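Have a look at the structure below, then the notes.
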Amino acid sequence: MGRALKRHHGETDAMTIRTAITALATTAGLAAPALAQEVAVITPYLAQPGTQFYVDGFTARADELGWEVNVIDTAGDVAAVISRMEDVVTQGVDAVVINVDPAQIGAGLQTAADAGIPVVGMDAGSDPLVAANVTSNGYAMAAETAVYVASRIGGEGNVVMFTFDPFPPVQVRGVIADAVFGNFPDIEVIDRITPDVADGGIADSRAQMEALLAANPEPGSIAAVWAAWDQPALGALQAIEAAGRADEGIVITGIDANPQAREAIAAGGNFEASVAQDFEGIGRTAADTVQRLLDGEEIVQKVIYVPANLITAANAAAAE
Amino acid sequence: MMQMARRFGGLAGMLAVIAFFAINLPETFLTPRNLLNISQQVSMLTVVAATMTVVMVMGDFDLSVGSMASLAGVVAAMLFTRDFSIGAALAASLAVGLAGGLFNGLMVSVVGILPFVATLATLTVFSGLAFLVSDGRTIFGRDIPEAFGAFARGGPVLGSVDERALVLPNLTLVAAVVVLLVWLVLEQTSYGRRLYAIGGNRDAARLAGLPVVGLRLSAFAFTGLGAALAGLMYASRVASANPTQGDGLMLTAIAAVFLGMTLTRDGQPRVLATLAGVVVLGVLDNGLTQMRVDSYVREVLVGAIILFAVGLSALGRRGLRRG
């Protein structure tokens, strides 16, 4: 019925009428799903664990709201994201949720905008055509671990950084760590490594760390390893343990606090801290944001941050 | 009977796919806007598959086209960051494609390495070069000239539907021109007929005095150039370039050619049949998405349909031989 209205009266009218009917139904104590909203979630990155949690959080909230959700994974193909956006716009969904850099899918965003269909980003990035992007504050997360490292090593020593600048959300983390370490005159970043992530990043990070340990044999010559995400931190941990240098007090931090990282942190070894994004919270908040847009609200703050938590041995086991 | 299945089974299958979506998506599938969308969505694949047809005509194939597409995209984007003009960057990137294709041809025809091995190796080489050139980064935003990204979004306006302009996408036009050129080369020149002769029987072609080495070498130039062009189209569509973005084109392009081969009488690759194969793959993606079929189920279905079509055609061919 909603779609029939849309065809005859155009998007805005249909939306208003539908919202009004939904409100009536709600006040009458009836469930709303008779007018289920259709939302498409499109991402090239569904195979990545973080993305799955976003989508789980989103679909859980969408179920509560009684929506029909179509999750579309283009398996790494960004141009296909544009194509699938065109398709769901043609199909006539009520909203589109993306998990990809909006700068790369401008054509798809334009198609949705022309059809009056709102697009919400789930840790995607900002764009004038994205009504709102729901994400963690990457700068704040990187600051948490970079400052943890700096204070933990007393503001002096050699630090190894693992970064990944090709991926914008990880790139901003590196920027902050650069700034924090640069602000300590006695901290020297001796290497800024971009590991090969084809196999997840652990193996290559381990190999690169092994080479660095071999090049810096003196105990204490490496004070800390700051990694922009957990896999390089885990790789570095393996290298340090394999080299028999676990007792030198090299401090390792990651970001994301994946299960393997939490385990390592809880074990109380060199891997001391990570930051947990609230992926499910981002997914749920994205759904709430879609609801706000469907209710006709104009969202002023285009980036909606969901807080992240520092994970250390104190709370690694407890948290999740 | 088998001959009929072989001759028209593929075609009937393709029409069935289109009819299936037309029935299930009566209001959206066969609309001008959706058909134009599909034409744009498959434009890059069309270019790769059409030029892939040129080497597959000889019984060869080129596994390096996907990474060449990625490489061409990042080469152009890197030149953009160095303030080269769009024309110069595109020319350089197409030149890289041509050189890569000729190198493949050299390895296959002069050195005599199996195309599978030679182009598997250059796949890795081109991919590595793409990472080297781009430093592993995605090049996007202000580094990409406005006009370059705008090209893929634009095109001649055909009219207006629902107060929204109906545009014939530029990418569709590019793909159409490439198909036309490849068709002219393969079907209307003695060069093309010689390639088919090599595909029919390489030794016989050589004994008949055809310069087989030179012909095979030059044919690979088409795939290199086509891959580079597709990489540029991809980069324009996403207004950015990263060192892996074209990689997915290779397998789909080969699948499209095989799918097309089920349509031709003698089971040979023909560029118009390839185009039909591309369209079927594009239609499946478009239609199944609109029908909200899970994207993983969609992949399984697409693979199964390729197997079904090619399998049917293989059975038909066997029947022909027996009969």
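The values are calculated or read from the model by the stated rules, or taken from the named source; none is laboratory data. All values reported here derive from a predicted model rather than from experimental measurement. Cβ placement follows ideal geometry from the backbone for every residue including glycine, while neighbour counts extend to all protein chains displayed.
Residue-wise test of (1) more than 14 Å from chain B (Cβ to nearest Cβ); (2) surrounded by fewer than 24 Cβ atoms within 10 Å (Cβ to Cβ); (3) more than 24 Å from A:GLY125 (Cα to Cα).
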residue	(1), (2), (3)
A:VAL180	yes, yes, no
A:THR194	no, yes, no
A:SER221	yes, yes, yes
A:VAL225	yes, no, yes
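In region B:22-35, the residues that are within 11 Å of another protein chain (Cβ to nearest Cβ) form Cβ pairs under 7 Å with partners that are among the hydroxyl-bearing types (Ser, Thr, Tyr), at six or more places apart or across chains, as follows: B:THR28/A:THR90; B:ARG33/A:THR90; B:ASN34/A:THR90; B:ASN34/B:THR28. Might you let me know whether region B:266-288 holds any residue that is hydroxyl-bearing (Ser, Thr, Tyr), within 14 Å of another protein chain (Cβ to nearest Cβ) and buried (at least 23 other Cβ atoms within 10 Å of the Cβ)? Taking every residue of region B:266-288 in turn, none turns out to be hydroxyl-bearing (Ser, Thr, Tyr), within 14 Å of another protein chain (Cβ to nearest Cβ) and buried (at least 23 other Cβ atoms within 10 Å of the Cβ). Tell me whether region B:206-221 contains one or more residues that are within 11 Å of chain A (Cβ to nearest Cβ), in a helix (DSSP H, G or I) and out of contact with any Gly (no Cβ under 8 Å at 6 or more places or on another chain). Looking through region B:206-221, none of the residues is within 11 Å of chain A (Cβ to nearest Cβ), in a helix (DSSP H, G or I) and out of contact with any Gly (no Cβ under 8 Å at 6 or more places or on another chain).
Among the candidates B:GLY209, B:GLY192, B:GLY199, the residue that is modelled with pLDDT under 95, crowded, with 17+ Cβ neighbours inside 10 Å, over 15 Å from the mean Cα position of the chain (by Cα) and not hydrophobic (A, V, I, L, M, F, W, C) is uniquely B:GLY199. How about region B:130-162: which of its residues are away from chain A (no Cβ under 12 Å) and within 18 Å of A:ASP127 (Cα to Cα)? Result: B:PRO145, single match. When restricted to residues that are crowded, with 20+ Cβ neighbours inside 10 Å and part of a helix (DSSP H, G or I), region B:134-147 contains 1.
In this structure, does B:GLY101 turn out to be crowded, with 16+ Cβ neighbours inside 10 Å, at pLDDT 95 or above and not acidic (Asp, Glu)? The answer is yes for B:GLY101.
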